[in-house]
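Worksheet for the structure shown next.
The values are calculated or read from the model by the stated rules, or taken from the named source; none is laboratory data. Being a predicted model, the structure only gives us computed values, none of them experimental. Backbone-built Cβ (ideal geometry, glycine too); neighbour counts: all protein chains shown. These accessible areas exclude ligands, DNA and RNA; they are computed on the full protein's heavy atoms, side chains included. Shrake-Rupley method; radii C 1.70, N 1.55, O 1.52, S 1.80 Å.
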Amino acid sequence: MSPSASPSTVFRVADLQQNRPTPFELRPGPKDLTALADALSLSAVRKVVFAGEIRAHGKSDWELIAKLGATVVQPCVVTLEPVTTRVEDKIERRFVAYLPDPDSDEEEVEMPEDENAERLESHIDVKAILHEALALNIPQFPRAQGAELKDAVFTEAGKKAMTDEDARPFSGLAALRDQLGSKEDE
């Protein structure tokens, strides 16, 4: 951890300095990496670094700018072989003091255009942001190199299985066209 970075993962907004950024750096230990892997249903999480700063954004809002680097291991969706992926991303969050409440009774609630905007609470939990950012950046369907999904065909014994080709809406018309074409040749 850098000497200027805070060891805390939760920052009380009232304690943050308005005139200078508050740096942070998280490097989860082995127990935290195991817990993170379990929470995200991963085989393993290795070498996570989440570093950045929280700084004032205007008079009452705050922003978090950070870099996320992590190595995750997941089972391949086709072969179940372990797939190792390196995640690198820039993370931005804006904590806005006055964010409209989508559950209010007002007829029209205008949502902010900034997809990174969140309601400002009393604390900013950097560890929770790390978990969320990693969950959003891991591959949903990891595949081992060269792994291909083959067609699976199931049916009752003694019957012909229906294939994807049979299910196409115009495949019957193509067969009819071919039959009509062969009769005209006769």
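Candidates in the stretch 72-99 are the residues that are loosely packed, with under 15 Cβ neighbours inside 10 Å and among the β-branched types (Val, Ile, Thr); of these, the one that is farthest from residue 34 (Cα to Cα) is 79. Within the stretch 116-134, residues that are farther than 24 Å from residue 44 by Cβ sit with their Cβ atoms under 7 Å from residues that are open to solvent by 40 Å² or more (accessible area, probe 1.4 Å) and acidic (Asp, Glu), at 6+ positions apart or across chains, in these pairs: 116/92.
Within the stretch 137-157, residues that are farther than 30 Å from residue 67 by Cα reach partners that are open to solvent by less than 70 Å² (accessible area, probe 1.4 Å) and modelled with pLDDT under 80 with beta carbons closer than 9 Å, at six or more positions or on different chains, in the pairs 151/163; 153/161; 153/163; 154/161; 155/161.
The residue of the stretch 135-150 that is modelled with the highest pLDDT, among those that are in a loop (DSSP other than H, G, I, E, B) and under 13 Å from the mean Cα position of the chain (by Cα), is 138. Restricting attention to the stretch 9-31, the residues being in contact (Cβ under 8 Å) with a residue 60 or more places away in the chain and surrounded by fewer than 15 Cβ atoms within 10 Å (Cβ to Cβ) number 3. The residues of the stretch 35-51 that are open to solvent by 80 Å² or more (accessible area, probe 1.4 Å) and either of a type in the set (A, V, I, L, M, F, W, C) or at negative phi (or both), listed by number, are 38, 46. Within the stretch 32-57, residues that are more than 20 Å from residue 20 (Cα to Cα) and in contact (Cβ under 8 Å) with a residue 40 or more places away in the chain sit with their Cβ atoms under 8 Å from residues that are open to solvent by 30 Å² or more (accessible area, probe 1.4 Å) and in a helix (DSSP H, G or I), at 6+ positions apart or across chains, in these pairs: 36/131; 39/131; 40/131; 40/135; 45/34.
All of 47, 67, 59, 31 fail the test of being of a type outside the set (S, T, N, Q) and farther than 15 Å from residue 131 by Cα, apart from 59. Every test in (1) under 19 Å from residue 77 (Cβ atoms); (2) in contact with a helix residue (DSSP H, G or I) (Cβ under 7 Å, 6 or more places away or on another chain); (3) modelled with pLDDT of 85 or more is passed by residue 123 save one, and that test is (1).
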